[in-house]
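Colleague: Structure provided below as structure tokens; questions to follow.
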Amino acid sequence: MNSEIMSFNKVGLAYRRSLNPFAPKNWVLKDIDFQLYRGEVLGVIGHNGAGKSTLLRLLAGIIAPNRGHITREKGIRSQLLTLNLGFIHKLSGFDNAIMSLVTQGKTIKEAHKLIDGVIEFSGIPHLMDHSVSTYSAGERARLGFAIAMQATPDILLLDEMLGVGDKEFRIKSGKALRERVQSDQTAVLVSHQPSTIRTFCERALWIEEGHVKALGPTDVVLEEYEQSPRTSSPPQTMKKAAAEHI
């Protein structure tokens with residue numbers, strides 16, 4: 001096993017539905033314990049509302065827990081890719097790409113050298129001078145994934161990003177992630193599709209109602225997940241879409 005790059009110890013996160021400071025807290029995550037190891041791809045699975053996306057935001061350092069501790073190796077940079085990407089919508093795709101690369105530790109000069117790779121991978125050169133506010137969700141996903149492939153963060157965080165876009169881009173992004181995995185990229189991948197987790201992940205973390213339901217080898221965790229009463233077979237169209245990018 002490689003060295004530990006990040007760990008969660010009894011991590012909990014809550015929010016209040018009201019501005020009233022005496023209102024009860026709603027605990028989204030409760031006593032989360034796990035370790036992330038350098039070079040591994042950890043899959044995160046669970047039903048809607050389980051807390052998966054909140055977990056990624058904690059991993060990215062966007063939010064802090066209400067209790068427990070998160071420890072990271074010093075200097076670690078992570079990048080979160082989600083359909084709600086943190087682009088500045090009034091800026092162009094080009095400007096957002098430069099800004100994102102710089103926030104990932106690249107110099108302005110390095111970012112400009114990498115921009116051609118972003119444009120080529122995204123497949124949307126005709127949109128790079130347009131405001132991101134005019135992009136579809138799929139086009140924003142293309143740009144975000146292309147930036148991540150050039151930015152080389154220490155930890156790549158993917159929230160349902162391999163099932164977006166057309167068939168060609170799903171195949172392309174899946175191939176690029178496989179190449180990253182083989183080059184020891186540390187990643188955390190959230191997906192509703194067990195087939196995606198099986199393809200890319202050595203270990204899986206199953207979260208349900210804010211708790212860790214299971215953590216361990218992918219096949220073992222997914223077998224337990226798929227036998228769960230709440231898990232039903234997805235529609236054939238979803239199965240087909242998931243299979244196309246593997």
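The values are calculated or read from the model by the stated rules, or taken from the named source; none is laboratory data. Model, not experiment: these values are computed from the prediction. Note that each Cβ is placed from the backbone with ideal geometry, even for glycine, and that neighbours are counted across all protein chains shown.
Colleague: Against the definition (over 19 Å from Gln104 (Cα atoms), of a type in the set (S, T, N, Q), under 15 Å from the mean Cα position of the chain (by Cα) and assigned to a helix (DSSP H, G or I)), how does Ser173 come out, yes or no?
Modeller: yes
Colleague: When residues of segment 122-146 are filtered for being aromatic (Phe, Trp, Tyr) and either modelled with pLDDT under 90 or out of contact with any Leu (no Cβ under 9 Å at 6 or more places or on another chain) (or both), how many remain?
Modeller: Initial filter on segment 122-146 (aromatic (Phe, Trp, Tyr)): 135, 145.
If we keep only those that are either modelled with pLDDT under 90 or out of contact with any Leu (no Cβ under 9 Å at 6 or more places or on another chain) (or both) too, we end up with 145.
Looking only at that region, the number is 1.
Colleague: Right, another one. Give me the pairs: first residue in segment 109-133 and of a type in the set (A, V, I, L, M, F, W, C), second residue not in a helix (DSSP H, G or I), beta-carbon distance under 6 Å, and six or more apart or on different chains, which are they?
Modeller: Cβ pairs passing all conditions: Ile119/Met128; Val132/Phe87; Val132/His89.
Colleague: In the list Lys175, Lys113, Lys90, which residue meets the criterion of being of a type in the set (D, E, K, R), out of contact with any helix residue (DSSP H, G or I) (no Cβ under 7 Å at 6 or more places or on another chain), modelled with pLDDT of 90 or more and on the phi < 0 side of the Ramachandran plot? Lay out the reasoning, then the answer.
Modeller: Details: Lys175 fails: modelled with pLDDT of 90 or more; Lys90 fails: out of contact with any helix residue (DSSP H, G or I) (no Cβ under 7 Å at 6 or more places or on another chain).
Matching residue, one of Lys175, Lys113, Lys90: Lys113.
Colleague: Is there a residue being in contact with a Leu (Cβ under 7 Å, 6 or more places away or on another chain) and hydroxyl-bearing (Ser, Thr, Tyr) anywhere in segment 44-54?
Modeller: Looking for residues that are in contact with a Leu (Cβ under 7 Å, 6 or more places away or on another chain) and hydroxyl-bearing (Ser, Thr, Tyr), one finds at least one in segment 44-54, hence yes.
Colleague: Tell me which of these Leu59 doesn't satisfy, since it passes every other one: (1) more than 30 Å from Met128 (Cβ to Cβ); (2) buried (at least 19 other Cβ atoms within 10 Å of the Cβ).
Modeller: Here Leu59 clears every test but (1).
Colleague: For segment 33-53, check the following and say yes or no: at least one residue is among the β-branched types (Val, Ile, Thr) and in contact with a Gly (Cβ under 9 Å, 6 or more places away or on another chain).
Modeller: Going through segment 33-53, the residues among the β-branched types (Val, Ile, Thr) turn out to be 41, 44-45.
With the extra rule that they be in contact with a Gly (Cβ under 9 Å, 6 or more places away or on another chain), the set shrinks to none.
No, the conditions are met nowhere in segment 33-53.
Conditions tested, residue by residue: (1) in the same structural domain as Lys213 (by TED's automatic domain parsing); (2) within 19 Å of Val190 (Cβ to Cβ); (3) touching a strand residue (DSSP E or B) at 6+ places or on another chain (Cβ under 7 Å).
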{"residue": "Gly49", "(1), (2), (3)": "yes, yes, no"}
{"residue": "Leu58", "(1), (2), (3)": "yes, yes, yes"}
{"residue": "His69", "(1), (2), (3)": "yes, no, yes"}
{"residue": "Ser100", "(1), (2), (3)": "no, no, no"}
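Colleague: Right, Ile108: touching a helix residue (DSSP H, G or I) at 6+ places or on another chain (Cβ under 8 Å), under 30 Å from Lys74 (Cβ atoms) and not small (Gly, Ala, Ser) or not? Spell out the reasoning first.
Modeller: Values: touching a helix residue (DSSP H, G or I) at 6+ places or on another chain (Cβ under 8 Å): yes; under 30 Å from Lys74 (Cβ atoms): yes; not small (Gly, Ala, Ser): yes.
So Ile108 fits the description; yes.
Colleague: Taking segment 1-55 as the region of interest, how many residues are in a strand (DSSP E or B), small (Gly, Ala, Ser) and crowded, with 21+ Cβ neighbours inside 10 Å?
Modeller: 1
Colleague: Please specify each residue of segment 128-156 satisfying the condition of being in a loop (DSSP other than H, G, I, E, B), surrounded by fewer than 20 Cβ atoms within 10 Å (Cβ to Cβ) and among the hydroxyl-bearing types (Ser, Thr, Tyr).
Modeller: Once the filter is applied, which keeps residues that are in a loop (DSSP other than H, G, I, E, B), surrounded by fewer than 20 Cβ atoms within 10 Å (Cβ to Cβ) and among the hydroxyl-bearing types (Ser, Thr, Tyr), segment 128-156 yields Ser136, Thr152.
Colleague: Taking segment 123-170 only, how many residues are of a type in the set (Gly, Ala, Ser) and under 24 Å from Thr107 (Cβ atoms)?
Modeller: The first filter runs over segment 123-170 and keeps only residues of a type in the set (Gly, Ala, Ser), leaving 123, 131, 133, 136-138, 141, 144, 146, 148, 151, 163, 165.
The next check asks that each one be under 24 Å from Thr107 (Cβ atoms); those that pass are 144, 146, 148, 151.
Matching residues across segment 123-170 total 4.
Colleague: Next question, about the same structure. Please tell me if Phe87 is without any contact (Cβ under 8 Å) to a residue 60 or more places away in the chain, over 30 Å from Val220 (Cα atoms) and in contact with a Gly (Cβ under 9 Å, 6 or more places away or on another chain).
Modeller: Working: without any contact (Cβ under 8 Å) to a residue 60 or more places away in the chain: yes; over 30 Å from Val220 (Cα atoms): yes; in contact with a Gly (Cβ under 9 Å, 6 or more places away or on another chain): yes.
Spelling it out, Phe87 is indeed without any contact (Cβ under 8 Å) to a residue 60 or more places away in the chain, over 30 Å from Val220 (Cα atoms) and in contact with a Gly (Cβ under 9 Å, 6 or more places away or on another chain).
Colleague: A further question on this structure: Keeping to segment 1-27, report how many residues are farther than 12 Å from Arg67 by Cα and among the hydrophobic types (A, V, I, L, M, F, W, C).
Modeller: Result for segment 1-27: 6.
Colleague: In segment 46-67, which residue that is touching a residue at least 40 places away in the same chain (Cβ under 8 Å) and β-branched (Val, Ile, Thr) is farthest from Ala204 (Cα to Cα)?
Modeller: Filtering first and then ranking leaves Ile63.
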